[in-house]
Amino acid sequence: MTVALHGYRYSVYSWIARLALHEKGVTYTWTEVDPFSENTPASYLAIHPFKRVPALVHDAFAVYETSAITRYVDEAFDGPKLQPTEPRERARCNQVISIVDSYAYWPLVRQVFSHKVFRPALRRPVDESEVKQGLEAATKVLAALEATAGQGQYLTGKDLSLADVHLAPMIGYFVLAPEGLSLLQKHIRLSHWWSALSNRPTLLATMPQLPQAPP
Ligand SMILES: N[C@@H](CCC(=O)N[C@@H](CS)C(=O)NCC(=O)O)C(=O)O
């Protein structure tokens, strides 16, 4: 049995897939693919025609789209169940995953994190209007997630679920920007959730090593 994850070292979606594999205790190999490169290998495009990362190959079975990967990993392997079985908790879990993909990724990661943290570290040009727009959009996203989160330690109940796995890396990047951290701190439930989750060994073990900011 082989499990191979194709991903990019700085990719937040690859981080989500790695986190799911670590939570399940699945051993896997990592193949680095830069989705922004002009020279993506044809062999990777055969797996992922949209040239995004990550993609997972389990023996002869290939799957892309992170939420499909994490659900597959949860269902195909032993380890703790990462999807609630109670219908309303499961609906909340799927809802959070969809909110993250549809409304959170772009402002939190591609606008705020990218233009406040990642691009400056690489000495790439930054656009403050992207940060401003990202923070405005993030305000609504965090309010929606705050309203969706349950009262327990985790987003959908007393156990970690794929909702936590999907959101944590996005928040992990977002709070590296001081403006992101202070916005998160205005949301009591999400702040408590993040305080506990940010020290989770699997999250720390899978956290990307970012380029260092220039002095
Ligand atoms: N819907 C995809 C999104 C994956 C995605 O956007 N990955 C980013 C890296 S975090 C990527 O490949 N970006 C390349 C690009 O935007 O061209 C999924 O859920 O896997």
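The values are calculated or read from the model by the stated rules, or taken from the named source; none is laboratory data. It should be emphasised that the depicted structure is a prediction, and the values quoted were computed from it without experimental measurement. Please note: Cβ atoms are built from the backbone with ideal geometry, for glycine as well, and neighbour counts cover all protein chains shown. Quick note on the areas: whole protein, heavy atoms, side chains included, nothing else; ligands and nucleic acids left out. Shrake-Rupley method; radii C 1.70, N 1.55, O 1.52, S 1.80 Å.
Can you work out D for region 1-155 in µm² s⁻¹ from Stokes-Einstein, where Rh is the Kirkwood radius over C-alpha pairs, the temperature is 10 °C and the viscosity is 1.306 mPa s?
Roughly 92 µm²/s, to the nearest whole number.
Mind ranking Y173, Y154 by accessible surface for me, highest first, 1.4 Å probe? Each step should come with its number before you reach the end.
Details: Y173 5, Y154 30 Å².
From most exposed to least exposed: Y154, Y173.
Could you list which residues have their amide H under 5 Å from that of A62, counting only those 5 or more apart in sequence or on another chain, with H placed in the peptide plane?
Placed amide hydrogens put nothing under 5 Å from A62.
Under a 10 Å cutoff between Cα atoms, tell me which one of V126, V96, V141 has the largest fluctuation in the Gaussian network model of the chain.
The residue that fluctuates most here is V126.
Beyond a 30 Å Cα-Cα separation, which of these cross-linked pairs lie in this structure: K24/K51; K116/K140; K132/K158?
Long pairs (Cα-Cα over 30 Å): K132/K158.
Could you put W30, W194 in order of accessible surface area, largest first, with the 1.4 Å probe and the full protein assembly present? Please list the in-between numbers first.
Values: W30 90, W194 30 Å².
So the residues, ranked largest to smallest area, are W30, W194.
What are the residues whose amide H is under 5 Å from the amide H of G157, where those residues sit 5 or more places off or on another chain and H is modelled from the backbone?
G150, G152
From the Cα gyration tensor of region 119-215, with a ≥ b ≥ c the square roots of its eigenvalues, which class applies: rounded if a/c is under 1.5, or else prolate if a/b is larger than b/c, or else oblate?
On the way: a/c = 2.61, a/b = 1.43, b/c = 1.82.
Here region 119-215 falls in the oblate category.
Rounded to whole Hz and in sequence order, give me ³J(HN,Hα) for region 151-158 from the Karplus expression 6.51 cos²θ - 1.76 cosθ + 1.60, θ = phi - 60°, writing x for Gly and Pro.
So the J values, rounded to whole Hz, are 8, x, 5, 10, 5, 10, x, 8.
To the nearest 20 Debye, how big is the dipole of region 3-76 about its Cα centre, given +1 on the beta carbon of each Lys and Arg and -1 on that of each Asp and Glu?
On the way: 6 positive and 8 negative charges, 19 e Å.
In debye, rounded to 20, region 3-76 gives about 100.
Which net charge results when you count Lys and Arg as +1 and Asp and Glu as -1 among the other residues whose beta-carbon is under 11 Å from that of R9? Spell out each step's value before the answer.
Numbers: positive: R18; negative: E32, D34.
Charge balance near R9 sits at -1.
For region 43-49, in order, what is each residue's ³J(HN,Hα) by Karplus, 6.51 cos²θ - 1.76 cosθ + 1.60 with θ = phi - 60°, in whole Hz (x at glycine and Pro)?
5, 6, 5, 5, 8, 10, x
Can you give me the Rg/Rh ratio for region 3-76, using Cα atoms for both radii and the Kirkwood formula for Rh?
On the way: Rg = 11.3 Å, Rh = 12.1 Å.
My calculation puts Rg/Rh at 0.93.
Can you give the accessible area of D59 in Å² (nearest 10), computed on protein heavy atoms with a 1.4 Å probe?
80
For V126, what residues show an amide H to amide H distance below 5 Å, using hydrogens built from the backbone and excluding near sequence neighbours?
none
How big is the dipole moment of the chain about its Cα centre under a simple scheme where the beta carbon of each Lys and Arg is +1, that of each Asp and Glu is -1, and everything else is neutral? Debye, nearest 20, please.
Working: 21 positive and 20 negative charges, 76 e Å.
Roughly 360 debye, rounded to the nearest 20.
When DSSP assigns beta bridges and you keep just the ones with both residues in the chain, what percent turn out antiparallel, to the nearest 5?
Values: 9 of 13 bridges.
Here the antiparallel bridges make up roughly 70 percent for the chain.
Defining a contact as two alpha carbons under 8 Å apart and six or more residues distant in sequence, what relative contact order in percent does region 51-191 show? Working shown, then result.
Values: 150 pairs, mean separation 36.2, N = 141.
26 percent.
Relative to the Cα centre, what is the charge dipole magnitude of region 93-155, using +1 at the beta carbon of each Lys and Arg, -1 at the beta carbon of each Asp and Glu, and rounding to the nearest 20 debye?
It comes to approximately 280 debye.
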